[in-house]
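K.L.:
For reference, the structure I am asking about is given below.
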Amino acid sequence: MLGRTLREVSAALKQGQVTPTELCKNCISLIKKTKYLNAYITVSEEVALKQAEESEKRYKQGQSLGDLDGIPVAVKDNFSTTGIETTCASNMLKGYVPPYNATVVQRLLDQGALLMGKTNLDEFAMGSGSTDGVFGPVRNPWTYSKQYRERSRQDAGDDSHWLITGGSSGGSAAAVAAFTCFAALGSDTGGSTRNPAAHCGIVGFKPSYGLVSRHGLIPLVNSMDVPGILTRCVDDTAIVLGILAGHDPKDSTTVRDPAQPASIPGRVDVSRLCIGIPKEYLVPELSSEVRSLWSQAADLFESEGAKVIEVSLPHTCYSIVCYHVLCTSEVASNMARFDGLQYGHRSGVDVSTEAMYAATRQEGFNDVVRGRILSGNFFLLKENYENYFVKAQKVRRLIVKDFVDVFESGVDVLLTPTTLTEAVPYLEFIKEDNRTRSAQDDIFTQAVNMAGLPAVSVPVALSNQGLPIGLQLIGRAFCDQQLLTVAKWFEKQVQFPVIQLQGLMDDGSLVLENGKLTSASLTQR
């Protein structure tokens, strides 16, 4: 049952084939079995079981709240949750228990979802590996998959070459990929939902900026942050989006347009579509395997009658630098609130208020966070403001215009890689510092955040090493439903294989019925 889609499990719950409590207990058991992944910071076992009990009563009375009633979900630990510790994987917020729920969390709970726990991340979501949080790095479930062990000839007893999940929402991605929940919330500021989704072989969706409320998401970069959705198939993403989308009086950046329907059409006429391939995304660092799959995916659209054209996003080469300036500037501003006075960690140094501030921030933040605060404050200095921050804002406007021009020329969806390569071993990943890694890993994803567009990473095939590779589809602003419709068609064509977790899936109980590769799937040439 745990390997089924959200819609299938919802139907099984309604038909009485399984109860919310059974589902909840199975997920808790799996969370404990996969503790070595370090996907969860806090497991809210008692809360989830109580919610399951209430859900069960509703089902018995025939008063189900909807598709999510009784469905286990997980939430990244930078979303506020009433009565459950919210740490952002930082010493600064260890022990902080919010008095309210983030709007997205509340909307899930209002639909009867079961909150399994809070998932691991890079400290304050600053990173692309989920390796820099105070609770330790997250391990990619594919490290332990039959596919990877066989193709890479890894010794099952050798655990030193485990793979990263990507980040910063690596805990949420690992939780979904390892079947411990059916959907998870991530956050996406420069690719933090799409990057780990690609590395963990699941669907990672970043909605249009303003479609989903940010209230209760502890801010990193206010002008780019959006809650992200991680699921095992596009249809499940659409269901969750239907629940989360819509205006929130507590977030003035949300649009007042009516929320989009939860379901996406079963059929799509691909021959009417125009797919754009940005030529600037063909960078030398792109691995040959990803490049090959990207090309095959374009051919797949073309073979179905879609018009596939090369397009130009001329300011792409400036986007990483522009993103760095704007991101660190807003980070510096946002992190000023953590001063040891109102909440979170407070240093024992009491020489003066200034000394207490300084000691609190030194003890509470790691090197990565402090480094970004220093960068941001430098860009915001009076003598630098015009040359850095204001100039970056102007470049951002040009990057937005690049996307507008492409979509106005008739392109419906852009097709790009999500990441440069497949997931790499942790020991290899940490050879580079966080800033260098983030600049490399965000190359295909951060421009979308600056432009406020919807984007989704869809897993397409396994590499020669037996690891997932994802491709990204980018849509027009607020055309999230159209984007997911195309993504669903694409997902159906590629037929990505189901992860075979050794030891957990020997009985086959977690394998999807349609989990086999078909002749239509993309393969490595």
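The values are calculated or read from the model by the stated rules, or taken from the named source; none is laboratory data. The structure presented is a predicted model; accordingly, all values stated were derived computationally and were not measured. As a convention, Cβ positions derive from the backbone with ideal geometry for all residues, glycine included, and neighbour counts pool all protein chains shown. The protein model used for the area step is the full one, side chains on, heavy atoms only, and it has no ligands, DNA or RNA in it. Shrake-Rupley method; radii C 1.70, N 1.55, O 1.52, S 1.80 Å.
K.L.:
Would you mind working out the magnitude of the charge dipole of region 295-367 relative to its Cα centre, with +1 at each Lys and Arg C-beta and -1 at each Asp and Glu C-beta, to the nearest 20 Debye?
P.N.:
260 debye
K.L.:
Using a 1.4 Å probe, how large is the accessible area of H324, given in Å² and rounded to the nearest 10?
P.N.:
We get 60 Å² for H324.
K.L.:
First select every other residue whose beta carbon is under 9 angstrom from the beta carbon of T360; then total the charges, Lys and Arg +1, Asp and Glu -1. Could you put the intermediate results ahead of the total?
P.N.:
Values: positive: R346, R361; negative: D339, E363.
Around T360, the surrounding residues sum to 0.
K.L.:
If you stretched the chain out fully between Q440 and H247, how much longer would it get, using 0.36 nm times the residue separation minus the C-alpha to C-alpha distance?
P.N.:
That works out to 66.0 nm of additional length.
K.L.:
Show me 464-476, 36-48, 68-80 ranked by packing, highest mean number of other Cβ atoms within 10 Å first.
P.N.:
Per-residue mean Cβ counts within 10 Å order the peptides as 68-80, 464-476, 36-48.
K.L.:
Sort out for me the Cα centre separation of region 220-288 from region 310-367, rounded to whole Å.
P.N.:
Result: 28 Å between the Cα centres.
K.L.:
Follow-up. I need the GluC sites (Glu not before Pro) found in region 210-316, filtered to DSSP loop residues with at most 12 other beta carbons within 10 Å of theirs.
P.N.:
Within region 210-316, the qualifying GluC sites (Glu not before Pro) (loop, at most 12 other Cβ atoms within 10 Å) are E285.
K.L.:
E383 to L427: extension gain in nm, 0.36 nm per residue of separation minus the Cα-Cα distance?
P.N.:
11.8 nm
K.L.:
Could you give the size of the charge dipole of the chain about its Cα centre, using +1 on the Cβ of each K and R and -1 on the Cβ of each D and E, expressed in debye and rounded to the nearest 20?
P.N.:
400 debye
K.L.:
Let me ask something else about it. Need one value: the accessible area of S288 in square angstrom, 1.4 angstrom probe, rounded to the nearest 10.
P.N.:
90 Å²
K.L.:
From the list (1) 19, 53, 25, 2, 0; (2) 24, 59, 17, 0; (3) 22, 55, 22, 2, can you say which value of P(r) over Cα pairs in 20 Å bins from 0, in percent was derived from the structure given?
P.N.:
(2)
K.L.:
How many nm is it between the label spots at Y100 and M1, if each spot is 7 Å from the Cα in line with the beta carbon?
P.N.:
3.6 nm
K.L.:
Would you be so kind as to identify which of V104, H247, L230 lies farthest towards the positive end of the dipole of region 100-251, taking Lys and Arg as +1 and Asp and Glu as -1 on Cβ and the Cα centre as origin?
P.N.:
L230
K.L.:
Another question, then. Please give the charge dipole size of region 119-214, origin at the Cα centre, charges +1 on K and R Cβ atoms and -1 on D and E Cβ atoms. Round to the nearest 20 debye.
P.N.:
Values: 8 positive and 8 negative charges, 71 e Å.
It works out to roughly 340 debye.
K.L.:
May I pose another question? Reachable aspartates and glutamates from K382, Cα under 17 Å, same-chain residues fewer than 8 places away excluded?
P.N.:
By straight Cα distance, K382 reaches E330.
K.L.:
Could you tell me which residue out of G340, F429, V325 lies farthest along the dipole of region 275-433 toward its positive end? Charges go on the beta carbon: Lys and Arg +1, Asp and Glu -1, centred on the Cα centre.
P.N.:
Checking the options against the dipole of region 275-433, the answer is G340.
K.L.:
Shifting gears a bit: With every protein chain present, what is the per residue accessible area of region 292-395 (1.4 Å probe, Å²)?
P.N.:
On a per-residue basis, region 292-395 sits at 53 Å².
K.L.:
Let me ask you something else. On the full set of protein chains, 1.4 Å probe, figure out the accessible area of S329 and give it in Å² to the nearest 10.
P.N.:
Rounded to the nearest 10, the figure is 0 Å².
K.L.:
For the pair K25 and I309, how long in nm is the line joining their label points, each one 7 Å along Cα→Cβ?
P.N.:
Result for the modelled spin labels: 5.9 nm.
K.L.:
For D269 and E54, what does the FRET efficiency come to when R0 = 41 Å and r is the distance between their Cβ atoms, rounded to the nearest 0.05?
P.N.:
The pair D269/E54 has a calculated efficiency of 0.40.
K.L.:
Further question: Return the subset of K25/K50; K32/K60; K32/K94 for which the Cα-Cα distance in this structure is over 18 Å, preserving the input order.
P.N.:
Numbers: K25/K50 11 Å; K32/K60 29 Å; K32/K94 22 Å.
K32/K60; K32/K94, as the Cα separations exceed 18 Å there.
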